[in-house]
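Presented below is the structure to which this report refers.
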Amino acid sequence: MNSNKDVEVRHIKYRTFYLWIGLWVVVDQLIKIFIYQYYFNANIRIISDLVWFRPMQNTAYSYFNALFDFGIGRLTHIVLVVMALLLTLLAYDYIHYNRYGNTLIGVVFIALISGTVCSLIDKVFWNGSLDYIYLKNLFTFDLKDCYITVCFGILGIISAIKYRKALNTFKFQHLIRHAVKRLKAYRKPA
């Protein structure tokens, strides 16, 4: 059974976790506002002829939609991002609640959740994404894309090395049972 002190410490960790997410989201959005106001038409070489600062409004809503010209609309992308955000929050809660995580896992989830929230903000308020780092002949991306890419890179390495055995025994039903258990706990009066 959890003691009151254990619950209090867990609450502080959750609060700190979400403050970091808020900070990362604010940084991403402030950069976009600054670029939109002062440098939207800039075309600045950063590294040789390979990397450029070249802002553009990406109204394809996702990399795959732009690359393969799927024609998937804004509302569908918003729904998909909300679902991804809820699933990611649930996965974090499951890991945190069962004490499987550590600081590195926390940072990975901060990056993933921040990137997902930024993606949702982009789709809802920017009608796409204000991307600004251009890799010649490849694509243009922004800070949120770095958050998500770094997250999956680190998560992949951690999973392959440290949690391979645990991942082999994990079942999606465990996550669903955890969600139901947590929802029931929130509904009970204190």
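The values are calculated or read from the model by the stated rules, or taken from the named source; none is laboratory data. The structure displayed is predicted, hence computed values, not measured ones. So basically every Cβ, Gly included, is an ideal-geometry build from the backbone, and we count neighbours across all protein chains shown.
Do we have any residue at all in region 162-172 that's at pLDDT 70 or above and not in a helix (DSSP H, G or I)? Looking for residues that are at pLDDT 70 or above and not in a helix (DSSP H, G or I), one finds at least one in region 162-172, hence yes. Taken over region 14-26, residues that are within 16 Å of Trp126 (Cα to Cα) and surrounded by 14 or more Cβ atoms within 10 Å (Cβ to Cβ) amount to 1.
Residues in region 121-142 that are surrounded by 19 or more Cβ atoms within 10 Å (Cβ to Cβ) and touching a helix residue (DSSP H, G or I) at 6+ places or on another chain (Cβ under 8 Å) were compared, and the one that is farthest from Phe40 (Cα to Cα) is Lys123. Is it true that some residue in region 62-78 is within 17 Å of the chain's Cα centre (by Cα), in a helix (DSSP H, G or I), at pLDDT 85 or above and closer than 19 Å to Arg182 by Cβ? Taking every residue of region 62-78 in turn, none turns out to be within 17 Å of the chain's Cα centre (by Cα), in a helix (DSSP H, G or I), at pLDDT 85 or above and closer than 19 Å to Arg182 by Cβ.
Met83 satisfies every condition listed in (1) modelled with pLDDT of 95 or more; (2) loosely packed, with under 15 Cβ neighbours inside 10 Å; (3) more than 30 Å from Arg182 (Cβ to Cβ); (4) not β-branched (Val, Ile, Thr) except (3). Here Lys13, Lys32 are screened, and the one residue that is among the basic types (Lys, Arg), at negative phi and modelled with pLDDT of 95 or more is Lys32. Scanning region 98-150 for residues that are at pLDDT 90 or above, in a loop (DSSP other than H, G, I, E, B) and not basic (Lys, Arg) returns Trp126, Asn127, Gly128, Asp142.
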